[in-house]
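Chemist: I'd like to ask you about the structure that follows.
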Amino acid sequence: MTAMPADRGPTDRVPVAGPSVTDLEIGYVVEAARGAWYGGAGSFVRRFEAAFAGAVGRQRATALPSCTAGLHLALAALGVGPGDEVIVPDTTWIATVAPVCYLGAEPVFADVDPDTWCIRADAVAACRSERTRAVIAVDLYGGMPDMAALEAELGGAVPIVEDAAEAVGSRIGDRSAGSFGVASAFSFHGSKTVTTGEGGMVLTDDDALWERMLVLRDHGRSPGDTSFRNGEIGFKYKMSDLQAAFGLGQIERLDELVQLKRKIFGWYRDRLAGRDDLRLNAEPAGTTNSYWMVTVVLDDAPPLDRLRAALTADGIDNRPVFPPLSSLPAFAGTAVGRVAKERNSVAYALGSSGINLPSALSIDEADVDRACAALDRALGR
Ligand SMILES: *Cc1c(COP(=O)(O)O)cnc(C)c1O
């Protein structure tokens, strides 16, 4: 099965993100377009959910329009609402925190680990209060937090929700990303390792929580209801069979996709090994990093805007590491934003010294040669 050139789109630049697409996914989508309607509706969604639950090692998986929806459902089903605080890492995509705000709860931004760039147990301890109702642990760029330390800190008193959007295929020991906490959510946005264009999945082993999420995601009605007598106002969060068919092909190729990500990271590691002025994604002993985004953190960081512009001018797409959430205009003026800025030195240092390099599944070794040569030129060394 060969990847089709179409999965790169019309560009001669080296893409920072993007999928691997084969005839397998396309064949399933054609099958869904022909038959997954009315009596056949939901057939590909069920196959995708079952395959995904199996791959992650969780009992229940529900396909959704996005990971944001998954986090929203998990927090809503846990009863998070006004007056509650939810601790989130300061370094992450805004989708981690937006659902906290949708529910009227207050986010509290915790600092991250200097090696994994993920939320740190002692930083969570510093953020806890009587109002803490949940902690969202994010698997950043394919790396994972020290989950054992986090679980020890919380002692089961506060539930963890795992935002595994960026980490399909990562592991701690033999446990997959997405198998931690009371619930977890994945993203299938077009930039992610497994994609459906747009899409997401929420997973749990807790049947009561799962059943609550199923009601909340379908306008407040129970699965199978045909009476249209809705008991409450919920949300409308579903995935279509057309997307699920694509996702089924992708998840059947999961091992191949993760191996490809790891191979791409290896090309960078080999070429950048000689540079002692930068650090790459960490893979602590006993863990497996699926390296969603190859990331370099520069010790004596030049102004990132200039570095990024030089790479872009050389045809090398790139992205800045997420700026701390607490620094965003959405939060910077708030009390929690100001407190976090004082406290979260690691997140702030990362935000001014880290960039993501081309990590699309369609790139080859020559592209990585080009990217590393451009980085050497841009750093002037
Ligand atoms: C991509 C991403 C999300 C959001 O995924 P959507 O499917 O776009 O809602 C959430 N959290 C993290 C860490 C992400 O990278």
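Chemist: Mind giving me the FRET efficiency for residue 273 and residue 211? R0 is 56 Å, r the Cβ-Cβ distance, nearest 0.05 is fine. Mind dumping the intermediate values first?
Modeler: Numbers: r = 51 Å, r/R0 = 0.90.
Efficiency, from the Cβ-Cβ distance: 0.65.
Chemist: For segment 109-121, what does the Karplus curve 6.51 cos²θ - 1.76 cosθ + 1.60, with θ = phi - 60°, yield as ³J(HN,Hα) per residue in whole Hz, taken in order and with x for Gly and Pro?
Modeler: For segment 109-121, the Karplus-derived couplings read 9, 9, 6, 10, 7, x, 9, 7, 6, 10, 4, 10, 4 Hz, x marking Gly and Pro.
Chemist: I would also like to ask the following. What does the charge add up to near residue 312, with Lys and Arg as +1, Asp and Glu as -1, over the other residues with Cβ less than 12 Å from its Cβ? Write out the running numbers ahead of the final one.
Modeler: Details: positive: 13, 306, 308, 319; negative: 305, 314, 317.
Residues close to residue 312 contribute a combined charge of +1.
Chemist: Under a 5 Å amide H to amide H cut-off, with H placed in plane at 1.01 Å, what residues pair with residue 281 once short-range neighbours are removed?
Modeler: Result for residue 281 returns 295.
Chemist: Okay, next question. Rounded to the nearest 5, what % of the DSSP beta bridges within the chain are antiparallel ones? Mind showing how you got there, number by number?
Modeler: Working: 24 of 41 bridges.
Beta bridges within the chain, antiparallel portion: roughly 60 percent.
Chemist: May I pose another question? For the chain, what is the relative contact order in percent, using Cα pairs closer than 8 Å and at least 6 residues apart in sequence?
Modeler: Working: 825 pairs, mean separation 85.9, N = 381.
Normalised by residue count, the contact order of the chain is 23 percent.
Chemist: For residue 309 paired with residue 228, estimate the spin-label separation in nm (one decimal), with each label point 7 Å from Cα along the Cα-to-Cβ line.
Modeler: The answer from the label model is 5.9 nm.
Chemist: Relative contact order of segment 28-143, please, whole-number percent, based on alpha carbon pairs below 8 angstrom and at least 6 residues apart.
Modeler: 22
No lab work stands behind these numbers, since they all come straight from the coordinates. Computed from a prediction, not measured in an experiment: that's the story for all the values here. Quick reminder, even Gly has a Cβ in these numbers, built from the backbone with ideal geometry, and neighbours come from all protein chains shown.
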